[in-house]
Amino acid sequence: MGLIELKGKKYNVVGGTYYDLETNDEVVNVLERCRMNNTRVVLDYGDTTTGKSWNERYDVTGRIGRSSGRIKVPLLIHNKRSTGGGMVLTRCIIGIKESKGSKALYRFKGEEN
């Protein structure tokens, strides 16, 4: 991973994609693999300290793409006909699963009580 600072914000750059510095390394690896393999996913956003889900139901399913600007951030592309999508809140991801079959690709692993 490469560390870069632009406009006062630090990013990890992996495969040309800029990830928030607070993003879990495993999340970065899974998102990059999904982007490269064009895997359709369902994201679970939540508190990355406690693992508590925000239970978001909208704008959490699609393929991982990236923006085309100078800072290429991950985007969630709704379907193959879509030409863009919303930015993925990478530092808030507590779960990633395949949309077909629901195979878990990443799950938050907090401290055991």
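The values are calculated or read from the model by the stated rules, or taken from the named source; none is laboratory data. In this text the structure is predicted, and so the values were computed from the model without any measurement. Neighbour counts are summed over all protein chains in view; Cβ atoms, including those assigned to glycine, are modelled from backbone coordinates with ideal geometry.
Okay, here's what the table says:
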| read-out | value |
| --- | --- |
| Flag for Glu32 being over 25 Å from Gly101 (Cβ atoms) and either of a type outside the set (Val, Ile, Thr) or more than 12 Å from the chain's Cα centre (by Cα) (or both) | no |
| Selected residue (criterion: farthest from Glu5 (Cα to Cα)) from residues of segment 83-97 that are in a strand (DSSP E or B) and β-branched (Val, Ile, Thr) | Ile96 |
| Members of segment 71-113 that are charged (D, E, K, R) and under 19 Å from Glu32 (Cβ atoms) | Lys72, Arg91, Lys97, Glu98, Lys103, Arg107 |
| Selected residue (criterion: nearest to the chain's Cα centre (by Cα)) from residues of segment 49-89 that are among the polar types (S, T, N, Q) and within 20 Å of Lys103 (Cα to Cα) | Thr61 |
| Residue check, Tyr19 surrounded by 14 or more Cβ atoms within 10 Å (Cβ to Cβ), hydroxyl-bearing (Ser, Thr, Tyr) and within 20 Å of Arg70 (Cα to Cα) | yes |
| Of residues in segment 58-78 being among the aliphatic types (A, V, I, L, M) and within 21 Å of Asn12 (Cα to Cα), the one modelled with the lowest pLDDT | Ile71 |
| Failed item, numbered, when Val42 is tested on (1) in contact with a strand residue (DSSP E or B) (Cβ under 7 Å, 6 or more places away or on another chain); (2) assigned to a loop (DSSP other than H, G, I, E, B); (3) of a type in the set (Val, Ile, Thr) | (2) |
| Options Lys109, Lys72, Lys80, Lys100; residue that is under 16 Å from Asp25 (Cα atoms) and assigned to a loop (DSSP other than H, G, I, E, B) | Lys109 |
| Selection within segment 22-47 - closer than 17 Å to Ser67 by Cβ and among the charged types (D, E, K, R) | Glu32, Arg35 |
| Residues of segment 9-39 that turn out to be touching a residue at least 60 places away in the same chain (Cβ under 8 Å) and part of a strand (DSSP E or B), as a count | 3 |
| For Ile64: the one exception among (1) among the aliphatic types (A, V, I, L, M); (2) surrounded by 12 or more Cβ atoms within 10 Å (Cβ to Cβ); (3) in contact (Cβ under 8 Å) with a residue 40 or more places away in the chain | (3) |
| Residues that are crowded, with 16+ Cβ neighbours inside 10 Å, modelled with pLDDT of 95 or more and in contact with a helix residue (DSSP H, G or I) (Cβ under 9 Å, 6 or more places away or on another chain), drawn from segment 44-57 | Tyr45, Gly46 |
